[in-house]
Amino acid sequence: MQWVDTIIQGILLGGLYALYATGLSLMFGIMKLVNLAHGDLIVLAAFVIVVLASLLPPGSGVVLALLLSLPIMFGVGYGLQVGFLNRTLDRDILPPLIVTFGFSIIIQNGLLEVFSADSRRLPLTGWESASLSVASGISIGTVPLVCFASAVVVIAGLNFLIYRTAIGRAFRATSDDPETAQLMGIDHRRLFAIAAGIAMMVCAVAALYLGLRANFDPTIGPARLLYAFEAVIVGGLGSLWGTLIGGMIIGVAQTVGAQINPEWQILTGHLAFLVILVVRPRGLFPKSEG
Amino acid sequence: MTAASPRFRMTTRTRVSSWATIGAAILTAGLAALPAVASRGLIQDLFFIFTMLCLAQYWNLLAGYAGLVSVGQQAFVGLGAYTLFAATILAGIEPLTAALLSGVVAAAMAVPTAFVVFRLRGAYFAIGTWVAAEVYRLVLAQVKELGGGTGTSLTMSVVSSTAGLDWVSMAFGVRTPAARDIVVYWAALALLVITLAGIYWLLRSRFGLALSSLRDSELTASSIGVDAFRLKVFVYILTAAGGGAAGALIFLQSARISPDSAFAVLDWTAYVIFIVVIGGIGTIEGPIVGAVVFYFLQTYLAAFGTWYLMLLGALGIVIMLIAPKGIWGSIADRFDLHLFPTRRRLVVTSTRRTGDDRQRARQSGPPSGQMRR
Amino acid sequence: MALLQTVKLTTGYGDFQALFDVDIEVAQGQIVAVIGANGAGKSTLLKAVARLLPVDGGTVRFDGADISGLVASQAVRLGISLVPEGRRLFPSLSVEENLQIGGYSGRRGSWRLAEVYDLFPRLAERRRHMGTALSGGEQQMVAIGRALMSNPRLLLCDELSLGLAPIVIQDIYTALPRIRDAGTSLVIVEQDIAQAMRVADRVYCLQEGRITLTGRPAELSREAIHAAYFGA
């Protein structure tokens with residue numbers, strides 16, 4: 001029973017990792033940009049939610065704070081893309097990597113300066129601490145369950161956006177061929193900024209559960225980037241549902257590792273990733289083309 | 001063809017570069033003799049610059065020449081450092097010999113690492129190398145013999161077993177800690193000279209030509225027989241060896257190690273990238289300029305902590321967006337100055353030209369359109 | 001007033017200058033052909049008009065306004081659409097999605113999905129296929145249809161016949177007068193002189209980046225064209 005519980009917890013943890021990964025995957029898919037500051041932006045979003053929650057009347061709940069953080073994070077993504085990342089778009093991979101690495105350092109140290117290195121947690125207002133007892137020895141927390149459900153909803157929503165709407169069509173066209181996309185009247189720079197804004201809104205959702213599930217501090221961003229990256233690669237580039245499965249695999253590897261020895265949690269997650277990379281370099285669900 | 005055709009010779013050398021080579025040799029001799037007169041503080045500062053410059057040259061070779069942007073080079077610094085601690089503490093090997101061993105071990109570990117991370121391309125390769133470094137950090141944190149997660153220190157007996165210590169103490173009339181600084185300073189200087197001379201030689205060889213063809217177009221390079229994959233793996237292993245040796249010296253000097261410090265992405269990758277980017281990527285001179293700039297920033301601003309780091313991040317971003325060739329690249333472009341040129345130029349060795357030749361030269365203009373002046 | 005007018009247009013790629021002081025004019029309702037050998041600068045001219053290339057000298061005027069400073073996406077919104085060389089369909093979009101993305105700019109007019117399918121009935125049958133699964137001729141039809149979906153006032157067509165079978169070229173060329181009659185002026189770039197002369201109201205010949213000949217097809221002798229095309 002203990003192992004069943006471990007695996008269930010791992011799958012639910014995978015929902016969180018899929019939320020981390022979705023924004024990263026979106027930005028790579030549309031503008032071929034790998035954002036090394038992705039993890040730090042998630043942590044930034046968590047602090048934005050903390051601040052908003054403290055400004056709201058007590059008891060109004062973190063979900064309201066999340067909703068208010070969405071436009072803020074959209075603005076952060078939009079501004080980052082227009083102000084900096086759009087200027088790094090050409091064949092060379094170095095400029096975007098250096099610029100986002102620079103932002104990683106700036107965000108991390110900026111948060112340290114403002115919020116100190118103390119670890120924090122989002123305020124709980126009731127439902128977050130509840131849990132369901134499924135069977136003897138297995139109880140599922142409300143937060144992990146809602147987190148997983150959120151990942152499914154976010155991914156389903158993004159898939160609808162990408163495959164069923166006009167702007168999604170423009171995303172796919174620009175990803176295929178930015179120059180020809182301009183001939184359709186698509187301003188690819190503005191489109192990229194919108195995509196970055198959407199990716200940051202997903203980061204805000206991820207940040208909510210980051211802050212509800214565990215303590216966080218300004219320095220944990222890079223580790224979230226690595227989990228996100230692992231989920232994307234394991235799932236296969238270009239498939240958001242694959243990313244969800246990838247997140248679940250990393251999550252289960254971590255909880256199983258932690259079950260054997262608590263110090264092994266992160267290590268087993270990384271090792272699972274490396275093994276899959278060796279066995280299936282293109283991930284479990286690669287896109288058929290290319 | 002008439003006998004009077006101009007003759008050509010391939011060269012990378014220029015008059016400036018010949019002088020620069022002589023200057024570098026004199027500078028090296030001066031630096032080697034420096035401990036006789038310099039303060040202990042200056043020797044320590046130069047040690048810091050030398051080791052960081054070594055790491056910067058390796059990263060520059062990786063990213064600037066082989067197109068392998070890694071953010072996981074701390075893996076090899078850490079592996080080298082831990083090899084030194086394991087070899088000296090557990091096996092009783094003399095520290096400088098152990099530092100050589102560190103280079104070998106780091107290179108050996110680069111092989112399986114490359115086997116995994118080379119499955120990833122471009123930016124994903126970058127994050128993959130970071131994951132690999134994290135794996136090494138987490139594994140070494142489990143090794144209780146080397147202090148586990150909290151780390152360990154070199155004992156006095158290990159430190160004082162360093163070769164040449166007694167001789168230096170006697171020759172310069174200094175106590176053991178200062179003598180140790182001098183010995184590791186020389187070791188770092190030797191590593192730096194080998195690194196710079198080795199990379200300079202490498203880039204001017206056939207290998208360098210293959211590498212630059214790769215940088216221009218991987219597809220074209222492979223179509224003329226350049227094995228891109230093998231070339232990149234070779235560079236990766238080479239830089240791992242150097243990084244391992246540098247890491248061993250850095251932690252021999254500090255005599256204290258922990259997984260977090262040995263595998264620190266900030267110290268051994270972020271700072272190093274900063275040095276290369278601010279100095280000028282893709283040149284040998286750039287990282288030298290960058291290391292000096294970084295030293296002064298570090299000396300005068302590091303006390304500002306988070307603000308200092310934010311400044312470094314911002315500087316890196318600004319340089320990348322406004323002057324992506326860095327300080328040296330901008331100077332070199334402006335004055336056409338290359339102290340350590342690696343590009344091949346065609347030099348006319350016989351200037352006798354007949355009217356025929358001139359005629360021919362005029363006729364072989366661009367086929368259509370015209371080159372703009 | 002001319003719909004399109006370039007005045008001493010000079011442009012190129014980096015250090016390479018491809019066009020020298022090019023003057024062309026396209027009147028409302030005209031089909032203008034630009035002919036010339038490989039590398040003469042025909043495609044460059046279309047790209048500069050479509051605002052994919054920077055103007056290094058001279059001006060591009062569209063409907064009386066100087067558009068030299070605009071980017072391609074803005075030019076589309078003004079009513080300039082380019083059918084690029086090599087079709088350049090979006091591989092991850094279906095035929096219908098490729099057409100729909102053509103209407104992204106939101107310009108209203110008579111060209112909608114139904115009208116494009118009416119012009120090229122074969123596309124209606126293949127609307128659900130991926131664009132890249134089509135034959136070359138069908139892909140060219142999608143590329144033209146996609147450009148029409150923005151309801152352009154000026155349609156620029158780059159090497160429509162390149163790599164296509166003669167019978168397919170006939171199909172495509174029959175469509176051009178229909179497009180003009182629906183209110184769109186055209187500039188077509190062709191290496192196939194005979195084909196271009198049949199449909200064009202006016203012909204320009206480019207050679208090494210310069211206009212060497214211009215006139216109505218009926219007025220131009222074989223010899224004059226030959227000289228302008230290949231050089232003296």
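Can you give me the number of residues within the stretch A:94-128 that are surrounded by fewer than 22 Cβ atoms within 10 Å (Cβ to Cβ), more than 17 Å from residue B:278 (Cα to Cα), out of contact with any Pro (no Cβ under 6 Å at 6 or more places or on another chain) and within 8 Å of another protein chain (Cβ to nearest Cβ)? Residues in the stretch A:94-128 being surrounded by fewer than 22 Cβ atoms within 10 Å (Cβ to Cβ), more than 17 Å from residue B:278 (Cα to Cα), out of contact with any Pro (no Cβ under 6 Å at 6 or more places or on another chain) and within 8 Å of another protein chain (Cβ to nearest Cβ): 2 in total. Yes or no: residue B:149 surrounded by fewer than 18 Cβ atoms within 10 Å (Cβ to Cβ) and within 14 Å of chain A (Cβ to nearest Cβ)? Yes.
Among the residues of the stretch C:119-148, which ones are open to solvent by 60 Å² or more (accessible area, probe 1.4 Å) and assigned to a helix (DSSP H, G or I)? Scanning the stretch C:119-148 gives C:121, C:122, C:125, C:132, C:133. Please go through the stretch C:86-118 and pick out each residue that is within 11 Å of chain A (Cβ to nearest Cβ), open to solvent by 20 Å² or more (accessible area, probe 1.4 Å) and part of a loop (DSSP other than H, G, I, E, B). Listed by number, the residues that qualify are C:86, C:87, C:88, C:91, C:92, C:103, C:104, C:105, C:106, C:107. In the stretch C:45-65, the qualifying residues are those that are without any contact (Cβ under 8 Å) to a residue 40 or more places away in the chain and within 12 Å of another protein chain (Cβ to nearest Cβ), and the one that is least open to solvent (accessible area, probe 1.4 Å) is C:51.
Rundown of residues vs (1) farther than 24 Å from residue B:155 by Cβ; (2) in contact with a Lys or Arg (Cβ under 9 Å, 6 or more places away or on another chain); (3) open to solvent by 10 Å² or more (accessible area, probe 1.4 Å); (4) not in a helix (DSSP H, G or I), yes/no style:
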| residue | (1), (2), (3), (4) |
| --- | --- |
| B:83 | no, no, yes, no |
| B:98 | no, no, no, no |
| B:109 | yes, no, yes, no |
| B:123 | yes, yes, yes, no |
| B:126 | yes, no, no, no |
| B:134 | yes, no, yes, no |
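Of the listed requirements (1) within 30 Å of residue B:68 (Cβ to Cβ); (2) facing chain A (nearest Cβ under 9 Å); (3) of a type outside the set (A, V, I, L, M), residue B:113 misses just one: (2).
Can you pull out every residue in the stretch A:35-60 that is open to solvent by less than 10 Å² (accessible area, probe 1.4 Å) and among the aliphatic types (A, V, I, L, M)?
A:36, A:37, A:41, A:42, A:43, A:45, A:46, A:49
Among the residues of the stretch A:222-273, those identified as among the β-branched types (Val, Ile, Thr) and more than 10 Å from every other protein chain (Cβ to nearest Cβ) are A:234, A:243, A:245, A:249, A:250, A:252, A:255, A:256, A:260. The criterion of at least 2 residues that are closer than 11 Å to residue A:20 by Cβ, touching a helix residue (DSSP H, G or I) at 6+ places or on another chain (Cβ under 8 Å) and open to solvent by 30 Å² or more (accessible area, probe 1.4 Å) is met by the following helices (runs of 4 or more DSSP H) wholly inside the stretch A:203-290: A:221-235. A search for C-beta distances below 7 Å between a residue of the stretch C:22-34 that is open to solvent by 10 Å² or more (accessible area, probe 1.4 Å) and any residue that is of a type in the set (Lys, Arg), counting only pairs 6+ apart in sequence or on different chains, returns C:23/C:8; C:29/C:180; C:30/C:202.
Might you check whether a residue that is surrounded by fewer than 24 Cβ atoms within 10 Å (Cβ to Cβ) and at positive phi occurs anywhere in the stretch C:149-158? Yes, the stretch C:149-158 contains a residue that is surrounded by fewer than 24 Cβ atoms within 10 Å (Cβ to Cβ) and at positive phi. The set of residues from the stretch B:136-175 being more than 29 Å from the chain's Cα centre (by Cα), charged (D, E, K, R) and outside any loop (DSSP other than H, G, I, E, B) comprises B:144, B:145, B:166.
If you check residue B:108 against the conditions, is it within 14 Å of chain A (Cβ to nearest Cβ) and more than 25 Å from residue B:295 (Cβ to Cβ)? The answer is no for residue B:108. Reported count of residues in the stretch A:243-262, each being without any contact (Cβ under 8 Å) to a residue 60 or more places away in the chain and polar (S, T, N, Q), is 1. Tally time: how many residues in the stretch C:213-224 are over 20 Å from the mean Cα position of the chain (by Cα) and either among the β-branched types (Val, Ile, Thr) or open to solvent by 60 Å² or more (accessible area, probe 1.4 Å) (or both)? Qualifying residue count for the region: 4.
The values are calculated or read from the model by the stated rules, or taken from the named source; none is laboratory data. For clarity, every value in this text was computed on a predicted model and none was experimentally measured. Cβ: placed from backbone, ideal geometry, glycine included. Neighbour counts: every protein chain shown. Keep in mind that these areas ignore ligands, DNA and RNA; they rest on the heavy atoms of the full protein, side chains included. Shrake-Rupley method; radii C 1.70, N 1.55, O 1.52, S 1.80 Å.
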